[in-house]
Amino acid sequence: MTIIRWRTQPEINRLFGQRFNNKMESNFNESSLPDTNIFKSEDFYTIEMAVPGLSKKDFNIKIEEKVLSVSFDPESNDTADENTVYLRREFQQEAFSRYFTLPDTTQTDEIAAGYENGILKIKIPYVNPEKNKFIKAIQVN
């Protein structure tokens, strides 16, 4: 499985170093992508993403031509009404998009996702050619 990191901005931090204030650096920092684990078992791949503070309905997960995309847009999920004035806001989710190229052996119609305790878990079943290998000895008459 190939991981494609989606970067929505150039590497400005590297070019300008510490000349920007902390807020500007956080806007151009790759750390806004959620930490992700990918592992493989005998019958499926599992993608785990650490995304605390969200709910199941906040995620947009889709497959298009063997590419799995996982995204979140906080603007479409903001619970604050128009009269809310924040005096201080440190707890805020940033938008993200992650893309994963799926192998040809993936059974895309059986992919399932769950969200529990801040971890989004996506199970991707695949056909294991080694497991289904058929070997038969033929006797010569």
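The values are calculated or read from the model by the stated rules, or taken from the named source; none is laboratory data. Model, not experiment: these values are computed from the prediction. When we count neighbours, we look across all protein chains shown, and the Cβ atoms used for this are built from the backbone with ideal geometry, even at glycine.
Tabulated results
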item: Residues within region 107-141 that are assigned to a strand (DSSP E or B), surrounded by 14 or more Cβ atoms within 10 Å (Cβ to Cβ) and free of Cβ contacts under 8 Å to residues at least 60 places away in the same chain, tallied; result: 1
item: Any hit, region 31-46, residues being aliphatic (A, V, I, L, M) and at pLDDT 60 or above; result: yes
item: Inter-residue pairs, beta-carbon under 8 Å, first exposed (fewer than 15 other Cβ atoms within 10 Å of the Cβ) and in region 60-80, second of a type in the set (D, E, K, R) and at pLDDT below 95, 6+ apart; result: 60/73; 66/104; 74/94; 77/57; 77/58
item: Tally, over region 34-59, of residues that are in contact with a helix residue (DSSP H, G or I) (Cβ under 6 Å, 6 or more places away or on another chain) and exposed (fewer than 10 other Cβ atoms within 10 Å of the Cβ); result: 0
item: Test: residue in region 13-21 that is touching an Asp or Glu at 6+ places or on another chain (Cβ under 7 Å), surrounded by 14 or more Cβ atoms within 10 Å (Cβ to Cβ) and either at pLDDT 90 or above or within 30 Å of residue 128 (Cβ to Cβ) (or both); result: no
